[in-house]
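Values quoted throughout were computed directly from the atomic coordinates according to the rules given, and no laboratory measurement underlies them. In this text, all values refer to a predicted model and were calculated from it rather than measured experimentally. We place every Cβ from the backbone using ideal geometry, glycine too, and count neighbours over all the protein chains shown.
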Amino acid sequence: MVRRGSWKYTYFHGLACSHFYNLDNDPDELHDLSEVPEHATILQEFNALEFRDWNPVEIEHPFKRSMNNLRYMAQWGREVDTDHLPQEAVA
């Protein structure tokens with residue numbers, strides 16, 4: 001996500017989409033301007049800024065591994081028997 005002045009640009013890796021808002025005119029982010037032709041130039045500038053300092057492909061694998069670990073831990077938490085533990089250890 002890149003924010004400059006009243007503009008906010010968000011890129012969603014793997015979904016082939018982005019969102020672009022003018023927060024002065026649309027503070028609730030209800031009107032996505034990413035497909036509006038008159039904003040194409042500034043949208044390209046924000047897209048370049050988005051990828052200037054990070055590569056989403058390089059962080060995708062570690063992120064997926066982290067998410068898998070979280071899912072595993074959540075499932076373990078649902079399945080572990082905590083009846084024998086003191087109540088304060090469960091809360």
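Given N residues in the chain, what is Rg(Cα) / (2.2 N^0.38 Å)? Please report the intermediate quantities before stating the final value.
Numbers: Rg = 20.4 Å, N = 91, 2.2 N^0.38 = 12.2 Å.
Ratio of Rg to 2.2 N^0.38 Å for the chain: 1.67.
Which of the chymotrypsin sites (Phe, Trp or Tyr not before Pro) found in the chain are in a DSSP loop and have at most 14 neighbouring Cβ atoms, other than their own, within 10 Å?
Those satisfying the criteria are W54.
Length gain on complete extension for the stretch Q75 to E35, per 0.36 nm per residue less the alpha carbon to alpha carbon distance?
Result: 10.4 nm gained on full extension.
Taking 7 Å along the Cα-to-C-beta vector as the label spot, tell me the R52-R3 distance in nanometres, rounded to one decimal.
Each label point is offset 7 Å from its Cα along the Cβ direction, giving 1.8 nm.
Using only Cα atoms and rounding to the nearest 10 degrees, what angle (0 to 90) does helix 40-52 make with the longest principal axis of the chain?
40 degrees
222 nm [θ] for the chain, helices only, -39500 (n - 2.57) per DSSP H run of 4+, per residue, to 500?
Value at 222 nm, helices only: -14500 deg cm²/dmol.
May I ask for the angle, rounded to the nearest 10°, between helix 56-79 and the longest principal axis of the chain, with both axes built from Cα atoms and the value confined to 0 to 90°?
Result, in degrees: 30.
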